[in-house]
Amino acid sequence: MRVVTTISVVVLASAGIGHAVVTSLDADIARVDPFKDMKNRPQAGNGMNVLLVGTDGRDKITEAERRKYRLGGAPCHCTDTIMIVHISEDREHASIVSLPRDSYAETPEHTDAVTGRRHGPHPLKLNAAYAEGGPNLTVRTVENMTHVKIDHYLEVDFTSFMKTVDVLGGVRICTAQPLKDSYTGLDLAAGSHLLGGGQALQYVRSRHADGSSDLGRMQRQQRFLAALVEHATSSGVLLNPMKFRDVTRAVLGSVRADKGFGTDELLDLGRAMRNFSPSSSEFTTVPIGQMGYVVKGIGSTLKWDEKKAGKLFRALRDDKPLAERRAPRPKAVRVAVAPQQIRVQVENGTATTGLGKRVDSALAATGFRTTGRPATAKDHAVRRTVVAYDPRWDRSAKSLATALPGSELRAVPGQGPLLKVIAGADFKQVTRVRAEDQHQGEFGVVTGDQVVCP
């Protein structure tokens, strides 16, 4: 969840501020050696794979911040967030894959970083690999599970995340549904919000804002990453040397990286990504085959879908995009209910032949479950398009009306779940809509431009 900090460092390099400034950044980053004594590693593919981890370190959080943002409790010294970021060989796109922290994992043979005790291979939750064997065991475990060779390792914590968001002036996110989590204190109404560092941390940490638990949290983390990339690349804030200095100072407090990720790598990657944009990035979570997979002594875990996960990681190794590349389409308006969940009967309320069929086809094309059999309304002189609905399905009706700009909402108690559209003389076209969390493709991939605010 805090790896957005490291992403911002890469974007900063692309601003071309100068070798000297980035060299000072390199000198101040704490170094680790996650690849020490590693043998029998996966074969290297094309492109670059970075393992980004966010720890729950909170040593530099003030007491006031702990209370305000509900950051109390002792840290577990484990990885809250684990992501593989694949930068393509041509530097034209990035694929970010979230690995759930509760994933069922099997460690290779290793020595416990705390006790010095030698362990044979054994099962655990993926986030526990860090507590047991630090960055080295985390990298080895991820490589064993994915067969993807990790080229670089980057690690951040709560403090650097909050400070970086603040010095960037905040990051704007949008939500179609209110988000409230009593555990983190997150309380956002539906709409657009500019989040400062503390609120942003609440947003990416929340697991109880809806019924999707950790999977929903990972989607929000991905959405936040996309929003940060858009802000950093479109606002020009990182082209300001003073702002660059402030951001780097915020980042440096707690970032750790492998020894091979230095000045030259930052500059080379930064130059290649000068034209990077949200549409250049794609986000997904490793496919889950079984929720609540119980393991004795460990508890409930998430077991990956081996077949789908294998295809996903093969695409990374082969340096291929995860999402199907399509021709650019107009941005869709976000709605509370996905059109795929809304059943619609279309009626032609005019004397224009074929209007009902045209409206039915246009609604179906944007995802609504139309009957495919448009009817003729009793009134042939309807001027303004009507959306008739049962009040129990008012959220669905509002989502449908959004796709029909200027339409009139008309409550019809007892109508049932099937919504009715009476096409009027004012009909021109259907506006594309989509639900906020609608994912597409085999791996549930979204591109950055699909999840940032319109």
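Computed from the coordinates by the stated procedures, all read-outs in this text should not be read as laboratory data. Predicted model only: the values in this text are computed from it and were never measured. Note that we place each Cβ from the backbone using ideal geometry, even for glycine, and neighbour counts take in every protein chain shown.
Spin-label point model (7 Å from Cα, Cβ direction): what's the Asp187 to Lys331 distance in nm?
Placing both labels 7 Å beyond Cα along the Cβ direction yields 3.0 nm.
So if R0 is 30 Å, what FRET efficiency would Arg369 and Val295 give, r being the distance between their Cβ atoms, rounded to the nearest 0.05?
On the way: r = 40 Å, r/R0 = 1.33.
The formula returns an efficiency of 0.15 here.
For Thr385, list long-range residues whose amide hydrogen, built 1.01 Å from N in the peptide plane, is under 5 Å from its own amide hydrogen.
Answer set, sorted by chain and number: Glu408, Gly424, Asp426, Phe427.
Between rounded, prolate and oblate, where does the range 295-382 land on the alpha carbon gyration tensor, with a ≥ b ≥ c its root eigenvalues, rounded for a/c under 1.5, else prolate if a/b exceeds b/c? Display every interim value, and only then the final one.
Details: a/c = 4.13, a/b = 2.30, b/c = 1.80.
Prolate.
Once both labels are modelled 7 Å past Cα along the beta-carbon direction, what's the Gln415-His380 spacing in nm?
2.3 nm
Taking 0.36 nm per residue of separation and subtracting the Cα-Cα distance, what length does fully extending Thr352 through Ala64 add? Don't skip to the end; give the middle numbers.
Details: separation 288, 0.36 × 288 = 103.68 nm, distance 6.59 nm.
That pair, Thr352 and Ala64, stretches by 97.1 nm at full extension.
Rounded to the nearest 0.05, what FRET efficiency do Asn40 and Glu306 give with R0 = 35 Å and r taken as the Cβ-Cβ distance? Could you check?
Working: r = 21 Å, r/R0 = 0.59.
Computed FRET efficiency for Asn40 and Glu306: 0.95.
With the cut-off at 23 Å, tell me which of the pairs Lys378/Lys420; Lys331/Lys398; Lys36/Lys308; Lys149/Lys303; Lys259/Lys303; Lys259/Lys308 have Cα atoms farther apart than that. Walk me through the intermediate numbers first.
Numbers: Lys378/Lys420 13 Å; Lys331/Lys398 19 Å; Lys36/Lys308 31 Å; Lys149/Lys303 21 Å; Lys259/Lys303 33 Å; Lys259/Lys308 33 Å.
The pairs that break the limit, which is 23 Å between Cα atoms, are Lys36/Lys308; Lys259/Lys303; Lys259/Lys308.
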